[in-house]
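A.B. asks: Next up is a structure, given as structure tokens.
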């Protein structure tokens, strides 16, 4: 077990993110100091369980920790209310106590639903996150967001709830489909673009190594992304100010995802990748950002294989009014105004609350006809 | 509008409990400083809505605050998961934003479900509580507990979530059935018994005035109960230590309620009243408490009309093994041991983790045959 770690101190609670190769095989040692009651309850999905559940349970056993496993279907539909109710019921069947611990083993969906469940079972029991996708390792590890979907929209029901520990095992990325890896990589790039230009430079040089599974490069990319997120979230845990920068590209992305009904046509990370390009282009259009910076981002995308425009997505046709309509329904709307994160260049994003929808429409018209 | 108020500072948040007569008619003024987004969402039940909803909405209107009302069925079944899901859906239909506010208008059930909903809608929006029963005015106003029931048990799903404001209007108690008023009064007595002997003395002298609806006496009783709870909860918000004293009588009470399936045969407050007598008797049986103190509590119960023993409840027969079994399932169990709150006398309770179940069985045998 080789690993590096960072400490996250948010909302009077404190936890570590441990990043390294082969950590699941040693998870028992890592979690033992935090577990005071058995069995721990592992929540995972069918895909992840097939690959990693035995290793995790064996490691827990070696550390003398009994565990029960609850396996959900993989995919976004696991965030539906009915599945959540059934998850709560399965957890209560195990007769948890206040001192019980849930371990979420899986991608963002599992992290979100298991985290939400932990936050409401007996009014809150401990959760340890073992994210198994690049996206969840860099994005869900920090910030404590949990949530489920309803017919009204994504993540409209949930809590802010900090884990006791996050274990990001880079070995889990070896079996991740390349498309998923790339989608997660888009969120890594986001940290460079939103406020850490030297990290973006590092990615320009090392992005290919990251995506080829180089363990040192992966570890550096994950740690740097998590540190960046901690820095932004630290003083803004309830998302009232600077934390909004983390949504760079996301207003566009959520709109694109809503239009494709959050299906497999367009992964969240792919939508974010395109959304960030749109945010750069809108900033250029408004005279806020040099066109060269937008070009440099496009060039990096192309060098690693990220989609740079809507043409990369297999959708019959896009409707500007529909995309605008989705934006208006985003939960970050306040008094009917849509907030955008715009940029003055690579690493220099800012919150813009007064963007005219006419300008956004013009941008979308260009993006669609490109 | 005449009122008194106390300030509650818990978990880095701070709110006021305003207690007085006729407050709903002036609720608009009270909530206006806290409401930044309209409409506010009133959650209530059919019984309470018929009496108080118009007054509340008129008062809000006069303060320039638009409101939408969601009316649930009255009764404990409103804490079922399906009703909760439907409540969330009704709230989302109103398209709330992060700055939205829910007002819970009703008894403990409404406070619990509306509070839980507020804590998870958009990961947490503001909640203002207007409790309309004596029980909810003294018990639910402080501590931030929210929750719903599942087939596994009561309040096994929920959150700790502090309100922005609590408005306890003693006028609402004028229309409360006397049995409900008495059940709430049991929780008032609890504060005297668990740690405030001078308050118990005051109740011995003024309990009848409280129960006859004397507004000054009610106001004093509610404020003193809330202050007592604040004092206990303040440094123990997540219920690890002294807060357990608030459960005086409750281990017995929950067991009795489980056995009567939380039906109308036995109200929560009635169960708590009997449970506190049992806790006194167990303490006497164990040689911890003078028999005179238990007799004094019985005498006060009899003077106001609270049930003193199981004979007061119309149940065919009680089973000691069944009652013990329910205790073992209580969520405060840790490593299989049931924790009891025992007493050394009026106002001198303490947490006992090492009570033998044999002693509890003996106590229950006596209680059943009495």
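The numbers here are math on the coordinates, done by the rules we state, and not lab data. None of the values given here were measured: they were computed from a predicted structure. Cβ coordinates were reconstructed from backbone atoms using ideal geometry, including for glycine residues, and neighbour counts include every protein chain displayed.
A.B. asks: Please average, across the residues of A:80-87, the number of beta carbons from any other chain that are within 10 Å of each residue's own beta carbon, and give a whole number.
C.D. replies: 2
A.B. asks: Output, in nm with one decimal and in ascending order, the distances from the residue B:234 label point to the matching label points of the other copies (7 Å from Cα along Cα-to-Cβ).
C.D. replies: Label-point separations across copies, in nm and ascending: 3.2.
A.B. asks: Follow-up question, since we're still on this one. Please determine, in degrees from 0 to 90 and to the nearest 10, the orientation of helix B:178-195 with respect to the longest principal axis defined by the Cα atoms of chain B, where the helix direction is its Cα long axis.
C.D. replies: The two axes meet at around 70 degrees.
A.B. asks: First measure r as the distance between the Cβ atoms of residue A:286 and residue A:174, then evaluate 1/(1 + (r/R0)^6) with R0 = 41 Å and state the FRET efficiency to the nearest 0.05. Don't jump to the answer; show the numbers that get you there.
C.D. replies: Values: r = 43 Å, r/R0 = 1.04.
Given R0 = 41 Å and the Cβ-Cβ separation, E is 0.45.
A.B. asks: In degrees, nearest 10, range 0 to 90: what is the angle between the Cα axis of helix A:268-285 and the longest Cα principal axis of chain A?
C.D. replies: 30 degrees
A.B. asks: Moving on to the next point. Kirkwood Rh over alpha-carbon pairs of the protein assembly as shown, then Stokes-Einstein at 20 °C and 1.002 mPa s: what D in µm² s⁻¹, rounded to an integer?
C.D. replies: 77 µm²/s
A.B. asks: Right, here's the next one. For the range B:212-272, rounded, prolate or oblate, judged on the Cα gyration tensor with a ≥ b ≥ c (square roots of eigenvalues), a/c < 1.5 rounded, else prolate if a/b > b/c? Working shown, then result.
C.D. replies: Working: a/c = 3.60, a/b = 1.15, b/c = 3.14.
The shape class here is oblate.
A.B. asks: A follow-up question, please. Need one number: % antiparallel among DSSP beta bridges in the protein assembly as shown, to the nearest 5.
C.D. replies: 45 percent
A.B. asks: Any idea how far apart residue B:205 and residue B:329 come out in nm if each label point goes 7 Å out from Cα toward Cβ?
C.D. replies: Between residue B:205 and residue B:329, the simple spin-label model gives 4.6 nm.
A.B. asks: Per residue of A:153-162, count partner chain C-beta atoms within 10 Å of its C-beta, then hand back the mean as an integer.
C.D. replies: 4
A.B. asks: Now a separate question. Report Rg/Rh for the range A:179-369, rounded to two decimals, where Rg is the Cα radius of gyration and Rh the Kirkwood radius.
C.D. replies: On the way: Rg = 15.8 Å, Rh = 16.7 Å.
With Rg and the Kirkwood Rh in hand, the quotient comes to 0.94.
A.B. asks: Which order, highest average first, do B:219-225, A:344-350 follow once you tally other Cβ atoms within 10 Å for each residue and take the mean per peptide?
C.D. replies: On the way: B:219-225: 22.9, A:344-350: 18.7.
Sorting B:219-225, A:344-350 by mean packing, highest first, produces B:219-225, A:344-350.
A.B. asks: Would you kindly work out, in nm and rounded to one decimal, the distances from the label point of residue A:348 to those of the same position in each other copy, ordered shortest first, with label points 7 Å along Cα-to-Cβ?
C.D. replies: Ordered by distance, the counterparts are at 7.3 nm.
A.B. asks: Listing B:81, A:248 from the residue with the fewest other Cβ atoms within 10 Å to the one with the most, what is the order?
C.D. replies: Starting with the residue having the fewest Cβ neighbours, the order is B:81, A:248.
A.B. asks: Next question. Work the Kirkwood hydrodynamic radius out for the range A:81-227: mean of 1/r over every pair of different alpha-carbon atoms, inverted, in Å.
C.D. replies: 16.1 Å
A.B. asks: With a 10 Å Cβ neighbour count serving as the proxy for reagent exposure, in which order, fewest first, do A:6, A:368 appear?
C.D. replies: Starting with the residue having the fewest Cβ neighbours, the order is A:368, A:6.
A.B. asks: Once the label point is set 7 Å along the Cα-to-beta-carbon vector, what list of distances in nm do you get between residue B:97 and its counterparts in the other copies?
C.D. replies: From this label point to the equivalent ones elsewhere in the assembly: 4.7 nm.
A.B. asks: Moving to a separate point now. Just tell me how shielded A:94-104 is by partners: mean number of partner chain Cβ atoms within 10 Å of each residue's Cβ, no decimals.
C.D. replies: For this peptide, the per-residue mean of nearby foreign Cβ atoms is 2.
A.B. asks: Further, regarding this structure: What 222 nm value per residue comes from the helices of the protein assembly as shown, counting each DSSP H run with n ≥ 4 as -39,500 (n - 2.57) and dividing by all residues, nearest 500 deg cm²/dmol?
C.D. replies: Mean residue ellipticity, 222 nm, calculated: -13500 deg cm²/dmol.
A.B. asks: Hey, for a label at residue B:315 modelled as a point 7 Å past Cα toward Cβ, could you say which residues of the range B:351-366 have their backbone N under 16 Å away?
C.D. replies: Taking a point 7 Å out along Cα→Cβ of residue B:315, the residues of the range B:351-366 whose backbone N falls under 16 Å are B:361-366.
A.B. asks: Distances longer than 39 Å among the Cα atoms of chain A: what percent of all pairs is that?
C.D. replies: Everything past 39 Å amounts to 13 percent.
A.B. asks: Any number yet on Rg/Rh for the range B:2-176, C-alpha, Kirkwood?
C.D. replies: Numbers: Rg = 14.6 Å, Rh = 15.7 Å.
On the Cα set of the range B:2-176, Rg over Rh gives 0.92.
A.B. asks: Compute the angle between helix A:81-93 and the longest alpha-carbon principal axis of chain A, please, reported from 0 to 90 degrees and rounded to the nearest 10.
C.D. replies: Taking Cα atoms only, the helix is inclined about 20 degrees.
A.B. asks: Run the simple label-point estimate for residue A:366 and residue B:51 please: 7 Å along Cα→C-beta, distance reported in nm.
C.D. replies: 6.4 nm
A.B. asks: Quick one: order B:278, B:327, A:276 by neighbouring beta-carbon count within 10 Å, fewest to most.
C.D. replies: Starting with the residue having the fewest Cβ neighbours, the order is B:327, B:278, A:276.
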